[in-house]
Amino acid sequence: NIPGATGATYNVTTKGNYTCVTTSACGTVESTPIFVNVIKNPNASISAGGPTTFCAGGSVILTEVAVAGCTYQWYKGATPIAGATALTYTVTTSGNYKCRVTKTATGCYKNSNAIAVSVPCREGDILEKEINIFPNPATTFIIIDAEEIDEVLNIQVFDVFGNVVLEKNNCGKLIELDIKDLPQGYYLISIITLNEKFVKPFIKN
């Protein structure tokens, strides 16, 4: 017996066989059973491949964990993003992003966790205060020229999975980074000064 389920209707939320027993002065009768199947929603989880705060012109790649037999739709807030149906989505503007994973065979879906992306700098700020990184692509080292901004307090290099692979503190304004031990690929450099944060990409050959 289901405790408290004594009305003419019952709202079913779990899998199982359900019957109803009706009792009157004439006797008691049990209905034929109805089987209810509750299909499990697919898993949905996204992660960021780098810093989620950057100046205009930067970006971050968000990645959904692949689930067999599913389709994907990325959202900014409550609005689906047209054409954003791959496992990854490159974000360039502020907002809360998530991915809806839908099981093709059943239509059951689940929304992933949301990731907030912030682009606080104005376009004019970047034009007035520029950081130069060279050579790019690079093989053994890169030079970060921050002469036009405040003294750099911290530098972090992120791989495409969002892992910090290199870090340097109290850097000054002209910084050389040794990258010869990094694998070939695409990286993002987070450059933090006393009042600002810049994010720049580079490629290791």
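The values are calculated or read from the model by the stated rules, or taken from the named source; none is laboratory data. As the structure is a computational prediction, the values presented were derived from the model and not from experiment. Using ideal geometry, Cβ is built from the backbone for each residue, glycine included, and neighbour counts are taken over all protein chains shown. The area values use the complete protein model at the heavy-atom level, side chains included, leaving out ligands, DNA and RNA. Shrake-Rupley method; radii C 1.70, N 1.55, O 1.52, S 1.80 Å.
Surrounded by 13 or more Cβ atoms within 10 Å (Cβ to Cβ) and modelled with pLDDT under 95: is that true of Thr85 in this structure?
No: the conditions fail for Thr85.
Applying the criterion of at least 2 residues that are of a type outside the set (Val, Ile, Thr) to the strands (runs of 3 or more DSSP E) found wholly in region 1-68 leaves 16-18, 27-30, 46-48, 60-64.
Within region 28-46, is even one residue open to solvent by less than 70 Å² (accessible area, probe 1.4 Å), out of contact with any helix residue (DSSP H, G or I) (no Cβ under 6 Å at 6 or more places or on another chain) and within 25 Å of Lys200 (Cβ to Cβ)? Yes, region 28-46 contains at least one residue that is open to solvent by less than 70 Å² (accessible area, probe 1.4 Å), out of contact with any helix residue (DSSP H, G or I) (no Cβ under 6 Å at 6 or more places or on another chain) and within 25 Å of Lys200 (Cβ to Cβ).
Looking at Asp159, Asp178, which one is of a type in the set (D, E, K, R) and either under 27 Å from the mean Cα position of the chain (by Cα) or closer than 23 Å to Ile115 by Cβ (or both)? Show your work before the answer.
Numbers: Asp178 fails: either under 27 Å from the mean Cα position of the chain (by Cα) or closer than 23 Å to Ile115 by Cβ (or both).
Selected residue: Asp159, the only one of Asp159, Asp178 that is of a type in the set (D, E, K, R) and either under 27 Å from the mean Cα position of the chain (by Cα) or closer than 23 Å to Ile115 by Cβ (or both).
Across region 48-56, not a single residue is classified as open to solvent by 40 Å² or more (accessible area, probe 1.4 Å) and at pLDDT 95 or above. Tallying residues that are within 14 Å of Asn132 (Cα to Cα) and either modelled with pLDDT of 90 or more or open to solvent by less than 60 Å² (accessible area, probe 1.4 Å) (or both) within region 173-191 yields 6.
Has region 79-96 got any residue that is part of a loop (DSSP other than H, G, I, E, B) and farther than 30 Å from Phe158 by Cβ? No, region 79-96 has no match at all.
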